[in-house]
1. Looking only at region 54-86, count how many residues are in a helix (DSSP H, G or I), open to solvent by 60 Å² or more (accessible area, probe 1.4 Å) and more than 17 Å from Leu121 (Cβ to Cβ).
2. Could you run through region 90-107 and say how many residues are over 15 Å from Cys64 (Cα atoms) and either surrounded by fewer than 16 Cβ atoms within 10 Å (Cβ to Cβ) or within 13 Å of the chain's Cα centre (by Cα) (or both)?
3. Is region 44-53 home to any residue that is modelled with pLDDT of 55 or more, under 13 Å from the mean Cα position of the chain (by Cα) and open to solvent by 40 Å² or more (accessible area, probe 1.4 Å)?
Amino acid sequence: LLLRLLASRTPAQVSVVPKDAGDSVPEPPARALTTATATATEPVPAVVVAAETSVQERLAAIWCLVLGRSRVEPEDDFFELGGDSLMGVALTGRIRDAFGVNMSIGSLFDYPNLAALAAALEEQGAR
């Protein structure tokens, strides 16, 4: 299920319910993925204030999807917005797909700021 979620390229929550839990387990949130249906939520639209480049604007859209946010700023920090290493792995995969640039998870730790990461991607040839 985890591999399927990572491959789906959508931000979502996962609710795992034991088979014999009965009525004691609350229903998962309406927007969550469930093991029974494995359907994804609608993408969150990205809003970036004062994006300086198209790379930065496209990267912000990816951040919004991965982090499940509707707005990011160029000075925002991935980890301060709630990102973690697992989200970072999903982010790097999306960046590779979107920009054709081979980015490692280490780059996210080196450039956790949206504007700095966009500049690093541009140096690697992202357009």
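1. Qualifying residue count for the region: 2.
2. 7
3. no
The values are calculated or read from the model by the stated rules, or taken from the named source; none is laboratory data. If you're wondering where the values come from, they're calculated on a predicted model, not measured in any experiment. Neighbour counts run over all protein chains shown; Cβ positions are idealised from the backbone, glycine included. Ligands, DNA and RNA are stripped out before the accessible areas are found, and what is left, the full protein with its side chains, is counted by its heavy atoms. Shrake-Rupley method; radii C 1.70, N 1.55, O 1.52, S 1.80 Å.
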